[in-house]
Amino acid sequence: MNFLANKKILLAITGGISAYKAVILCRLLKKANAHVQVVMSKAATEFVTPLTFQAISGNPVLTNIFDDSASNDAMAHIHLVRDCDLFVIAPATADCLAKIAHGFADDLISALVLARNPQKCPLLLAPAMNNQMWENQITQENIAKLATQNGVKISYPAAGSQACGEIGVGRLVEPEFILEEIAMTLAPKILANQKVVITAGSTFERIDSVRGITNLSSGKMGFAIAKAAKFLGGDVCLIHGGTQLENQQFTFALFDYLQIQRIKIQTAEQMYNEVMQNFHENSQKIFVSVAAVADYRPSKVVDFKLKKNNFKHSQNLNAISLIENPDILASVAALPENQRPFCVGFAAESENLHEYAKQKLTKKNIPLLVGNLIQDGFGGENNKIILFDKYNNIKELPPDSKDNLAIEILKYAKNMLENK
Ligand code: PMT
C-alpha cells in the first residue's frame, strides 16, 4: 500500500525538542521512496543541524527566506510549495501555529504556508509543545481555526511525559503514525461516503470454562482490508475476533489514532449480531467477510472445567455435540435488495481452490469472492489470491503483502459497484 512512492513531500521543522523525531520521519519517508525537501526554522537548527536532514533527505536544507545559498533560488518560498504533493510541518510549535493561523509570512515556513494552493497541496500539521502552551486558550483557538481551513489536517499531539519534566498533552505523535497519516492523505478517496463493514480474525466457541473451538486466523488480512478501506476514504467498521495483532500494540494504537471503528467479539453469534446491525437503512455499503468463522459450536457450554472422563455431566470431552452457527455472509447476502450491501466473501481452501471458490460464490449468492490457499493466506504478512466474480471473471493476482492485496480487492469491488 505504498501511496508515498515518488511523492514530493515538503517537510518543515520548527524549533522544539521533538525535532529529533522529524529525523526519523524523514528517514521513514525516504524508505517509502518519497522525495523529501526539508526546510527548517532558525530555532529548529538549534536542536538538529541542517546537515543531518541533508544527509538523510539527500537534498540541501533551506532555512532562510532571503539569500538562501543552499537552493540558489531567490523565490524558494514560492517554488517549493508549488512543486510538492504534501506539505508537512512536524513538529509545529505554538509560535508556528500562531503565525500561520494569522497569515504571517515573515520567515520561510510561514511564507510557504501562505503561498501554497490548498487545492493542490494539503498541509499536515503535527503540533508539539509544553502541555500548558498546548492547552492555552490562544493555542486552542489557533488550532481550531486552522483545523477548519481548506486542505489542512492536524496530527493532534499525544499525552505523556514531556522533555520539560511535566506530564500532559503536547508530545509529537510518533513518526510512524505521522507516516501513516501522510500516506492516508495521499491515497485516492475512491470509497468516500461509502460505509465498509469488515469481519476479521478467528471466532472462539466455548466448550467449558477453559477450552474452546477456534482456528489459526491471525486477523492480518482483515485488518489490512480495514486499513485500506480507511485510506481510500471509507467509513470503516471492523468487527473482529481473535487476532495475533492484539500482541502488537502498534496496530491497535494505529487503528485508534486513525479513528477506525473496531468492535471485538468472541463467538460467531456475537459477530453475526454486530454485523447485522449495520445493514438496516438503504445507503452505499460494502461488506467484506474475511473472518474465519467457526461453522459449529458446542450445543452446551458449561461454566467449569470438564474432566477427562467425567460422565456425571451430560457433556464430556469425549463426545462434544455441536450445533451449526449462523452463516454471517450468506445471511447478509440474503437481505432484501434495499438493505443488502455489496458482499465480498473469502474462501480459504487446502485444495481445489477454483472449484470450491466458485461453489461458494454461487451458494452464498455474492458478487465477488477472494480465494486463497490455507498455506498462502493463514498467518503471514503476504498472501496469494484469486478473485472470482459473478460474471465468471477470474483474476489471479501476483503474490504480495496483505496490505497491497487489500487495496486491489477494494478497487475491484468498487469497480464492480460502479459498473453494475
Ligand atoms: O487472518 P489471516 O491469518 O490473515 O488469514 C486470512 C484468511 C486465510 C483467514 C482469509 O484470507 C480468509 O480466507 N478468510 C475466510 C476464511 C474462511 O473461513 O473461509 P470459509 O471458506 O470457511 O468461509 C467462506 C466465507 O463465508 C468467508 O467469507 C467467511 O468469512 C464466511 N463465513 C463462513 C462461515 C460462517 N459461519 N459465516 C461466515 O460469514
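Listing for the model above:
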| quantity | calculated |
| --- | --- |
| Flag for I239 being within 12 Å of the ligand (Cβ to nearest atom) and not in a helix (DSSP H, G or I) | yes |
| Test: S202 is of a type in the set (S, T, N, Q), surrounded by 18 or more Cβ atoms within 10 Å (Cβ to Cβ) and either in contact (Cβ under 8 Å) with a residue 60 or more places away in the chain or away from the ligand (no atom under 13 Å from the Cβ) (or both) | yes |
| Residue in the range 85-100 that is touching a Cys at 6+ places or on another chain (Cβ under 6 Å) and crowded, with 22+ Cβ neighbours inside 10 Å present | yes |
| I143, sole failed condition from (1) of a type outside the set (S, T, N, Q); (2) closer than 30 Å to E274 by Cα; (3) open to solvent by less than 30 Å² (accessible area, probe 1.4 Å) | (2) |
| Any hit, the range 343-351, residues being of a type in the set (D, E, K, R) and free of Cβ contacts under 8 Å to residues at least 60 places away in the same chain | yes |
| In the range 206-228, the residues that are within 6 Å of the ligand (Cβ to nearest atom) and surrounded by fewer than 24 Cβ atoms within 10 Å (Cβ to Cβ) | S218 |
| Condition check for I109: of a type in the set (V, I, T) and either modelled with pLDDT under 95 or under 21 Å from L25 (Cβ atoms) (or both) | yes |
| Every residue from the range 157-194 that is modelled with pLDDT of 95 or more and among the charged types (D, E, K, R) | R171, E174, E176, E180, E181, K189 |
| Looking only at the range 364-387, and only at residues there that are over 23 Å from E337 (Cα atoms) and charged (D, E, K, R), the one that is nearest to the chain's Cα centre (by Cα) | E381 |
| For C96: the one exception among (1) closer than 19 Å to I17 by Cα; (2) outside any helix (DSSP H, G or I) | (2) |
| Which listed residue is farther than 27 Å from P367 by Cα, open to solvent by 70 Å² or more (accessible area, probe 1.4 Å) and under 16 Å from the mean Cα position of the chain (by Cα), from Q249, Q244 | Q249 |
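The values are calculated or read from the model by the stated rules, or taken from the named source; none is laboratory data. These numbers come from a predicted model, not from an experiment. Cβ coordinates were reconstructed from backbone atoms using ideal geometry, including for glycine residues, and neighbour counts include every protein chain displayed. Just the protein is used for accessible areas: all its heavy atoms, side chains included, with ligands, DNA and RNA removed. Shrake-Rupley method; radii C 1.70, N 1.55, O 1.52, S 1.80 Å.
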